[in-house]
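*Asks:* My structure is below; once you've seen it, I'll send some questions.
The values are calculated or read from the model by the stated rules, or taken from the named source; none is laboratory data. A quick note: this is a predicted structure, and the numbers were derived from the prediction, not measured. Cβ placement follows ideal geometry from the backbone for every residue including glycine, while neighbour counts extend to all protein chains displayed. Surface areas here come from the heavy atoms of the whole protein model, side chains and all, with no ligands, DNA or RNA. Shrake-Rupley method; radii C 1.70, N 1.55, O 1.52, S 1.80 Å.
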Amino acid sequence: KEEKPDTIVHFAEQRAAPYSMKNSKAKRYTIDNNVGGANNLCCAVIDSDVDAHIVHLGTMGVYGYGTSGGEIPEGYIDVTLPGGRKSNILHPAYPGSIYHATKCLDAILWQFYQKNDQLRITDLHQGIVWGTNTPQTVLDE
């Protein structure tokens, strides 16, 4: 209990979509490791009574591999449910692998622990990065 981190960067997950689809053993391992690890981390933060901000590296793959036909909004989206009731929900997921499904399940866990235990969690969804420059970054000397 000597350490009192203010931030925890969570990278402790099986990280390969192709591996997660290799066979049933890999699928079970990926689910157990990734979802169990995320839940264990939240429980450890609660049990330690440390006010640490969890930062998780998610993936754009939770939205599927195809194009949505539009921009994917950040975070939550405003919707009108049947009957006209308005709500604010997580953007719908459409995972293309077991790995990506675990990232979707993580997002639900993050939402649950934030709401019920007031944990501070940021889930970053990055896309595939190729190379070291983009048209925008080469403009900066």
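*Asks:* Would you point out which residue out of Gln114, Gln126 is within 11 Å of the chain's Cα centre (by Cα), polar (S, T, N, Q) and surrounded by 10 or more Cβ atoms within 10 Å (Cβ to Cβ)?
*Replies:* Sole residue among the options that is within 11 Å of the chain's Cα centre (by Cα), polar (S, T, N, Q) and surrounded by 10 or more Cβ atoms within 10 Å (Cβ to Cβ): Gln126.
*Asks:* Within the stretch 86-100, take every residue that is touching a strand residue (DSSP E or B) at 6+ places or on another chain (Cβ under 9 Å) and in contact (Cβ under 8 Å) with a residue 40 or more places away in the chain and give me the one that is surrounded by the most Cβ atoms within 10 Å (Cβ to Cβ).
*Replies:* Ranking the candidates gives Tyr99 first.
*Asks:* A follow-up question, please. For the stretch 100-141, which positions are among the hydroxyl-bearing types (Ser, Thr, Tyr) and within 12 Å of His56 (Cβ to Cβ)?
*Replies:* Result: Thr102, Tyr113, Thr122.
*Asks:* For the stretch 7-46, give me the residue count where each residue is open to solvent by less than 40 Å² (accessible area, probe 1.4 Å) and of a type in the set (S, T, N, Q).
*Replies:* Qualifying residue count for the region: 4.
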